[in-house]
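Remarks on the structure that follows.
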Amino acid sequence: MKHMTAFAALSAATLTATVAMAEPQAEVLHWWTSGGEAKAVAVLQKQFSDRGGVWTDMPVAGGGGDAAMSALRARVLSGNAPTAVQLKGPAIQEWYDEGVLADISDVAEAQHWDDVLPAQIAEHMKCDGHWCAAPVNVHRVNWVWANKSILEANGIEMPTTWEEFNAAADKLKAAGITPLAHGGQAWQDATIFETVVLGIGGPDFYQKALVDLDPDALTSDTMKSVFDEMRKLRGYVDDNFSGRDWNLATAMVMNGEAAFQIMGDWAKGEFLAAGKEPGVDFVCAPTPGDAGFLYNVDSFAMFKVDGKDKQDGQKLLAELIVGPSFQETFNLNKGSIPVRTDVSLDKFDDCAKKSAADMKADGAAGSLLPSMAHGMALHGAQSGAIMDVVTAHFNSDMSSDDAVKMLADAVANSM
Ligand code: GAL
């Protein structure tokens with residue numbers, strides 16, 4: 001330094017600053033804060049840092065992401081959008097229509113996303129023909145998780161119909177065991193509800209009722225039977241279910257405090273993070289019914305931001321997210337399956353293998369359906385209207401007749 005001229009010192013400082021500024025930056029808004037979720041998002045953070053990126057974490061706790069979405073709106077309204085946001089389903093196109101999403105087509109095209117992603121899922125990632133989100137995984141929503149030793153001790157098989165589920169639950173209840181671990185939050189009520197719609201009504205009914213919002217389906221006798229079953233399920237939860245987080249409900253199954261949980265396979269991420277083994281400590285099966293796969297694809301959208309460092313960060317994130325190595329490691333932790341069709345499932349467990357096989361079969365049969373409860377099927381106002389009715393019914397003694405009327409009215413008013 002002693003021999004350096006003032007000019008050289010200044011240039012060195014400028015250079016350091018330039019190098020520092022050139023590091024790809026990403027402020028990432030997500031709601032992955034449970035044990036399994038945090039392990040999974042750490043994979044992305046590590047891969048990003050390994051490639052020289054600087055990660056600023058913006059976790060907003062709250063399963064299902066409602067709180068995260070409120071935080072996002074506040075940030076965008078104040079003109080300070082995060083660089084990357086966990087966003088999914090039609091909300092991606094809604095934000096695009098507001099003119100705030102970045103186009104990531106250059107990365108998608110360079111990485112040939114169209115060749116490695118299922119067409120139905122790629123569609124969710126496009127806005128006006130441009131790529132506007134990067135998919136992370138495929139979660140299946142219609143799963144039942146069970147404590148294996150409770151089932152064995154009570155001579156219970158995994159139920160394949162809702163009648164079998166009710167019979168098993170009645171038996172457990174009589175034995176003093178909480179049949180269903182549940183958290184009374186609107187999105188969790190809706191998660192159960194949509195699996196009952198699928199199971200009782202079948203895939204075509206699910207499509208008509210929860211995707212097309214067909215008034216006849218919403219007020220049908222089938223929908224009344226769905227609410228009848230919801231009323232039964234309400235009788236199978238413990239007294240402290242109100243407001244409970246989903247991962248605490250999963251822990252109840254893990255710890256032998258309850259037999260079953262109906263939840264997407266992020267619950268498997270919790271079991272795995274706690275060192276539990278599928279087939280040994282817990283079992284998985286699709287929720288009762290003959291067919292159908294309710295998918296919930298997590299994805300990240302990049303918001304329009306200034307600064308090359310941030311834009312580089314967005315490109316790097318997009319590239320990593322759809323890359324084969326991230327897809328494998330992340331999904332091993334998250335409980336989901338890779339969204340890429342060319343990633344080997346050798347390291348995945350039997351629940352994941354079943355998910356992938358069913359996804360393929362249901363895809364071919366036309367019964368691969370978007371989850372309403374997880375924002376894949378409808379605009380927020382519409383799914384919100386449905387979820388309000390489901391929760392109001394679950395937490396009262398409303399009749400199924402009244403519930404279907406309220407449902408049809410709420411949906412009509414939300415259009
Ligand atoms: C879902 C999300 C999953 C999982 C879950 C619970 O909506 O897609 O990745 O995080 O919420 O938080």
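The values are calculated or read from the model by the stated rules, or taken from the named source; none is laboratory data. The structure presented is a predicted model; accordingly, all values stated were derived computationally and were not measured. Here the Cβ positions follow ideal geometry from the backbone for every residue, glycine too, while neighbour counts run over all protein chains shown.
Answer yes if at least one residue in region 44-65 is within 23 Å of Val138 (Cβ to Cβ), out of contact with any Phe, Trp or Tyr (no Cβ under 8 Å at 6 or more places or on another chain) and at pLDDT 95 or above, and no otherwise. Yes.
Rundown of residues vs (1) small (Gly, Ala, Ser); (2) out of contact with any helix residue (DSSP H, G or I) (no Cβ under 8 Å at 6 or more places or on another chain); (3) in contact (Cβ under 8 Å) with a residue 12 or more places away in the chain, yes/no style:
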site: Met125; (1), (2), (3): no, no, yes
site: Gly129; (1), (2), (3): yes, yes, no
site: Ser149; (1), (2), (3): yes, yes, yes
site: Gly176; (1), (2), (3): yes, yes, no
site: Pro179; (1), (2), (3): no, no, yes
site: Gly183; (1), (2), (3): yes, no, yes
site: Ala190; (1), (2), (3): yes, no, yes
site: Val196; (1), (2), (3): no, no, yes
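Considering only residues that are surrounded by fewer than 21 Cβ atoms within 10 Å (Cβ to Cβ), more than 16 Å from the ligand (Cβ to nearest atom) and touching a residue at least 60 places away in the same chain (Cβ under 8 Å), which ones fall in region 327-341? Result: Thr341, single match. When the residues of region 20-34 are filtered to those that are surrounded by 17 or more Cβ atoms within 10 Å (Cβ to Cβ) and not in a loop (DSSP other than H, G, I, E, B), the one that is nearest to the ligand (Cβ to nearest atom) is His30. Restricting attention to region 162-189, the residues that are more than 16 Å from the ligand (Cβ to nearest atom), more than 15 Å from Lys232 (Cα to Cα) and in contact with a Lys or Arg (Cβ under 6 Å, 6 or more places away or on another chain) total 0. Highlighted here are the helices (runs of 4 or more DSSP H) found entirely within region 183-269 that include at least 2 residues which are among the polar types (S, T, N, Q) and under 30 Å from Ala61 (Cβ atoms): 186-196, 246-254. From the list Ser367, Ser400, Ser344, the lone residue that is among the small types (Gly, Ala, Ser), under 25 Å from Ala273 (Cβ atoms), touching a helix residue (DSSP H, G or I) at 6+ places or on another chain (Cβ under 8 Å) and more than 16 Å from the ligand (Cβ to nearest atom) is Ser344.
The one condition from (1) more than 16 Å from the ligand (Cβ to nearest atom); (2) at pLDDT 95 or above that Tyr295 does not meet is (1).
For Pro118, the requirement of being under 20 Å from Gly269 (Cβ atoms) and surrounded by 17 or more Cβ atoms within 10 Å (Cβ to Cβ) is not met.
If I ask for residues that are more than 15 Å from the chain's Cα centre (by Cα) and not in a loop (DSSP other than H, G, I, E, B), which ones from region 365-379 would you list? Within region 365-379, Ala365, Leu368 qualify.
Scanning region 54-74 for residues that are closer than 20 Å to Asp103 by Cα and surrounded by 17 or more Cβ atoms within 10 Å (Cβ to Cβ) yields a count of 1. Only a single criterion out of (1) over 18 Å from the mean Cα position of the chain (by Cα); (2) touching a residue at least 12 places away in the same chain (Cβ under 8 Å) is not satisfied by Ser49, namely (2). When Leu317 is tested against (1) out of contact with any Gly (no Cβ under 8 Å at 6 or more places or on another chain); (2) crowded, with 24+ Cβ neighbours inside 10 Å, just one condition goes unmet, and that condition is (1).
Report yes if some residue within region 124-134 is more than 25 Å from Pro278 (Cα to Cα) and either touching a Pro at 6+ places or on another chain (Cβ under 6 Å) or among the hydroxyl-bearing types (Ser, Thr, Tyr) (or both); otherwise report no. Checked against the condition, which is being more than 25 Å from Pro278 (Cα to Cα) and either touching a Pro at 6+ places or on another chain (Cβ under 6 Å) or among the hydroxyl-bearing types (Ser, Thr, Tyr) (or both), region 124-134 yields at least one hit.
Residues are listed down the side, and each one gets a yes or a no for (1) within 16 Å of the ligand (Cβ to nearest atom); (2) in contact with a Gly (Cβ under 9 Å, 6 or more places away or on another chain); (3) without any contact (Cβ under 8 Å) to a residue 12 or more places away in the chain; (4) at negative phi:
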residue: Val237; (1), (2), (3), (4): no, yes, no, yes
residue: Ala273; (1), (2), (3), (4): yes, yes, no, yes
residue: Asp306; (1), (2), (3), (4): no, no, yes, yes
residue: Ser325; (1), (2), (3), (4): no, no, no, yes
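Out of Leu233, Leu213, one residue alone is buried (at least 20 other Cβ atoms within 10 Å of the Cβ) and at positive phi. It is Leu213.
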